[in-house]
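Reviewing the structure listed below.
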Amino acid sequence: MLDHPTDTEFRTGFVREPSALKHCPALVLNADFRPLSYYPLSLWPWQDAIKAVFLDRVMILAEYDEVVRSQRAAIRIPSVVVLKDYVRPQKRVAFTRFNLFLRDEFCCQYCGSRGDLTFDHVLPRSRGGVTSWENVVAACSPCNLKKANKPLKQSGLSLRRPPFRPDVEDMQRAGRRFPPNHLHESWVDFLYWDAELEA
C-alpha cells in the first residue's frame with residue numbers, strides 16, 4: 001500500500017526533500033505528458049514509482065539500467081512515468097520565499113547580483129507597505145541595507161522590473177530556466193518538448 005492517504009495526494013505528492021531522491025528518482029508527468037510541476041520538479045523516489053506501476057496508476061516511459069529484484073521478478077527502475085489520469089494543475093501560485101526568488105530569477109531586483117539573497121518590501125511596511133507579490137522583491141543584503149525603510153525614490157535604487165503576481169505559466173517558464181542540479185538524460189525531452197523553438 002502506498003504511504004499517500006488519498007489518490008489526489010498520491011498523484012501530486014511528489015518529493016521535495018533531495019535526500020529522498022539520491023538514488024534513481026522518477027520524473028512524474030501528467031497525463032498530457034508535461035511534468036506535474038517545474039517548481040520543484042515533480043519527482044518520486046524509485047520505490048513510489050514502482051508501487052504506482054503495480055497499482056496501474058502510471059505507465060513507464062523510460063527506465064534506468066538499474067534493476068530491483070523481488071522473490072518472483074526483476075524490475076528495471078522507472079526513470080520517467082506518466083499518470084493514467086489527468087491532474088488539474090493548481091491555478092494559484094503560493095506566496096513563498098522560493099517562489100518569490102524563482103519569479104525574480106534568483107537575482108537582486110535592484111542590482112542584478114545573484115548572491116546573498118533576501119527579500120525587500122518596495123514600499124516599506126513602516127510606511128504602510130504590505131507583504132504581497134506586488135510589493136516584495138528579491139534583494140541582495142547590501143541593497144536591502146542601503147534601501148532600509150526608505151521609499152524607492154529616496155533610496156537611490158531602481159527596480160529592474162516591477163514586482164507582479166505570477167500565474168502558474170509564469171512559474172513554469174521560470175522553472176524551466178532553473179532546473180534541479182540533477183537531470184537524468186531520459187528526462188530532458190519531457191522537460192522541454194513544449195518550449196518555444198527559437199527562430
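The values are calculated or read from the model by the stated rules, or taken from the named source; none is laboratory data. All figures in this text were calculated on a predicted structure; none of them were measured in a lab. As a convention, Cβ positions derive from the backbone with ideal geometry for all residues, glycine included, and neighbour counts pool all protein chains shown. Side chains included, ligands, DNA and RNA excluded: accessible areas come from the protein's heavy atoms. Shrake-Rupley method; radii C 1.70, N 1.55, O 1.52, S 1.80 Å.
At-a-glance table
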{"quantity": "Relative packing of 167-178, 89-100, which averages over residues the other C-beta atoms within 10 Å, highest first", "calculated": "167-178, 89-100"}
{"quantity": "Sequence-distant residues sharing a close amide H with Ala62 (under 5 Å, placed H)", "calculated": "Ser79, Val80"}
{"quantity": "Residue-normalised accessible area of segment 61-110, expressed per residue, 1.4 Å probe, Å²", "calculated": "62 Å²"}
{"quantity": "20 Å reach of a label modelled at Phe33, 7 Å along Cα-to-Cβ, counting backbone N of segment 69-89", "calculated": "78-89"}
{"quantity": "Radius 12 Å from Cβ of Leu157, net charge of other residues (Lys, Arg +1; Asp, Glu -1)", "calculated": "+4"}
